[in-house]
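Structure record follows, encoded as structure tokens.
The values are calculated or read from the model by the stated rules, or taken from the named source; none is laboratory data. Predicted model only: the values in this text are computed from it and were never measured. So basically every Cβ, Gly included, is an ideal-geometry build from the backbone, and we count neighbours across all protein chains shown. The area values use the complete protein model at the heavy-atom level, side chains included, leaving out ligands, DNA and RNA. Shrake-Rupley method; radii C 1.70, N 1.55, O 1.52, S 1.80 Å.
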Amino acid sequence: MTVPVFEEYEPPADCGCPGCARRRRTAAALPVRHGGHPAAHGARRALVMVTAAGVVLSCGAGQAAATAAARGARADTAVDPQPGSPQGTVGPLSGSGASGPPSTPDTTQRTTTRTDIISRAQKWVTAKVPYNMAAYWSDGYRQDCSGFVSMAWNLGTNEWTGSLAAFGTKIARADLEPGDILLFHNLADPSVGSHVTVFGGWTDHTHTHYLAYEQTSPHARKATTPMAYWSNSSKYVAYRYKGIVSGSGSATAFPGAAKFGPGKNNAHVTRLGQLLIAQGGKRFYTAGAGPRWSDADKRATQAFQLAQGWKGKEADGLPGPGTWSLLIKGTGHRIPAAGTGSTQGGTAAYPGKSFFASGQSNDHVRKLGAQLVKKGYGAHYLTGPGPRWTEADRRNVEAFQRAQGWSGSAADGYPGPETWRRLFA
């Protein structure tokens, strides 16, 4: 992943107060004076076309079109480089995935769980749904950032960055949990910088980075992101969906080890299977999750535990409080596909950071080096790679980490569990 993977168009140094913003919008909507320069006329027509699109410009792409059109205007022509009406109104679901929304929106308040929010967001990420402010995916949701959140929260309408807050409760960033959102709506000029992401969980103990699910150019993605975003970070506000529920069988508290294992038959086993399937364990179940404990539950649980880099008793296939917490919150590493990860005869789980340091010589270093070369990050090896940890190993690991968009201590050249997982994915 490169950072950023999509273009951001920063606004010029215009005054952002409501009065000036209103004056710019009014100026953009005025007809061209008789005898006006043709270039200015073309620029203003382009702005009107952008305005008439009536779509949510919540990720700043519309500004580029307007700015390009304004370049042809005379220097003394008062042309606002931003669209006069930068964000469309709330719209119902299209249902068709192509032709736009029907006439009547579904405004019914729906309920959902955190697991389901993350599961829906992951579906768009897996499908690599293209970013398009004027298109609708097959589920009826608009393919921009606010449509993405409308989909993840299971709203009955396509909302925009100016209305999503009404569906949530403002919370402190420290209280964020998977399924909450981080929202920036630029009141002065909504087309500039307005954006929203789904919080997927913290990626470090310092809470400086998190896993963001978002719809952005070129397509939906899931990526480690600095809190709260790459730009306008201080302006993002955390919200929790008002319709989040626990419901029967979906309580967040660990029900106890006695509920799982051979001979157990209860709703908690069903819930475990559902959570494991949502985390990539579908291949272990031939008939879906059920209340009776089976070998499929054990194997899927163990696959999930191994995906976290655990081993020994920590990966025995029986859920404990740690396994349950990661599954409920949706913050653990997903179960890799068959033959691509460390759970079914593949590469061993992450051995620990102590194996990768000056003076260390072991097979883990050799495996790491071989995988770096395989992935195209072996430029610093003059010979090898071999079992002894060298500066060449560290520099190659650093190059791989920076390619993920990481920096600072996250790209120090020493492999952690996430570096290891991505290398061997």
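Just a few scattered comments:
- Close pairs from the range 306-317: first on the phi > 0 side of the Ramachandran plot, partner at pLDDT below 90, Cβ under 6 Å, at least 6 apart: G309/A349; G309/Y350; G309/P417
- Subset tally (residues that are modelled with pLDDT of 90 or more, among the aliphatic types (A, V, I, L, M) and open to solvent by 10 Å² or more (accessible area, probe 1.4 Å)) for the range 300-314: 1
- Taking residues in the range 160-173 that are touching a residue at least 12 places away in the same chain (Cβ under 8 Å), and partners anywhere that are among the aliphatic types (A, V, I, L, M) and part of a helix (DSSP H, G or I), the pairs with Cβ atoms closer than 7 Å and at least 6 places apart or on different chains are L164/V149.
- Within the range 193-202, one or more residues are touching a residue at least 40 places away in the same chain (Cβ under 8 Å), part of a loop (DSSP other than H, G, I, E, B) and open to solvent by 10 Å² or more (accessible area, probe 1.4 Å).
- Positions within the range 349-375 being in contact (Cβ under 8 Å) with a residue 40 or more places away in the chain and closer than 10 Å to L423 by Cα, in sequence order: L368, Q371, L372, K375
- Among the candidates F199, F167, F148, the residue that is aromatic (F, W, Y) and in contact with a Lys or Arg (Cβ under 8 Å, 6 or more places away or on another chain) is uniquely F167.
- Contact map, the range 398-418: residues that are more than 13 Å from T203 (Cα to Cα) paired with residues that are open to solvent by 40 Å² or more (accessible area, probe 1.4 Å) and aliphatic (A, V, I, L, M), Cβ distance under 6 Å, separation 6+ or inter-chain. Pairs shown: Q404/M1; G405/M1; G405/V3.
- Number of positions in the range 319-335 that are assigned to a loop (DSSP other than H, G, I, E, B) and open to solvent by less than 40 Å² (accessible area, probe 1.4 Å): 5
- Set side by side, the residues G290, G263 differ, and just one is surrounded by fewer than 18 Cβ atoms within 10 Å (Cβ to Cβ), small (G, A, S), out of contact with any Pro (no Cβ under 8 Å at 6 or more places or on another chain) and within 26 Å of T126 (Cβ to Cβ), which is G290.
- Pairs, first assigned to a strand (DSSP E or B) in the range 207-227, second of a type in the set (K, R), C-beta under 7 Å, six or more apart: L211/K222; Y213/K222; E214/R221; H219/K128
- Candidates G378, G405, filtered to the one that is closer than 28 Å to K222 by Cβ, touching a strand residue (DSSP E or B) at 6+ places or on another chain (Cβ under 8 Å) and assigned to a loop (DSSP other than H, G, I, E, B): G405
- Single condition A370 does not satisfy, out of (1) in a loop (DSSP other than H, G, I, E, B); (2) farther than 20 Å from D412 by Cβ; (3) hydrophobic (A, V, I, L, M, F, W, C): (1)
- For the range 279-315, a tally of residues being over 16 Å from Y350 (Cα atoms) and either more than 29 Å from the chain's Cα centre (by Cα) or among the small types (G, A, S) (or both) returns 15.
- Yes/no for H207 being open to solvent by 60 Å² or more (accessible area, probe 1.4 Å) and not small (G, A, S): yes
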